[in-house]
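Each remark here refers to the structure printed beneath this line.
Bear in mind these aren't lab numbers, they're just calculated from the coordinates by the rules spelled out. Everything quoted here is computed from the prediction, not taken from an experiment. Using ideal geometry, Cβ is built from the backbone for each residue, glycine included, and neighbour counts are taken over all protein chains shown.
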Amino acid sequence: MFVEIQSKAEFERMKNAPALLGYFSTDTCNVCKVLKPKVEEMNRTHFPRMKLAYVKLDLLPEIAGQHRVFSAPTILVFFEGREAIRKSRSIGVKELKHEIERFYDLLFRQ
């Protein structure tokens, strides 16, 4: 389940988890309304140890700026605090799942 980020400090703490998927969006993004539940389901089914963070770009522009996020939706995936995957705009859940699996398997399924 997504945690809605309230501050830059909160996001930085979550980034230090073993695995974090950051979902950057706005309330007016229509694509996001369809994509976000699919990403959440993918996480629940395949990557239960990965945390989910939801960042509203319009409310927390400093986080977006720090991570060079300029469009919605953007997904950043961090493993051990480092950005490993970046997807923007047209995001395929199947492709995203495949990319996450490589890193996730190395970290959690040794």
Condition check for Ser71: touching a Ser or Thr at 6+ places or on another chain (Cβ under 9 Å), buried (at least 17 other Cβ atoms within 10 Å of the Cβ) and polar (S, T, N, Q) = no
Has region 22-45 got any residue that is loosely packed, with under 13 Cβ neighbours inside 10 Å, within 24 Å of Phe103 (Cα to Cα), of a type outside the set (Gly, Ala, Ser) and in contact (Cβ under 8 Å) with a residue 60 or more places away in the chain?
-> no
Which of the residues spanning region 43-58 are in a helix (DSSP H, G or I) and more than 12 Å from the chain's Cα centre (by Cα)?
-> Arg44, Thr45, His46
Can you name every residue in region 1-21 that is surrounded by 15 or more Cβ atoms within 10 Å (Cβ to Cβ) and part of a helix (DSSP H, G or I)?
-> Glu10, Phe11, Met14, Lys15
Quick one: is Ile63 among the aliphatic types (A, V, I, L, M), closer than 18 Å to Val3 by Cβ and part of a helix (DSSP H, G or I)?
-> yes
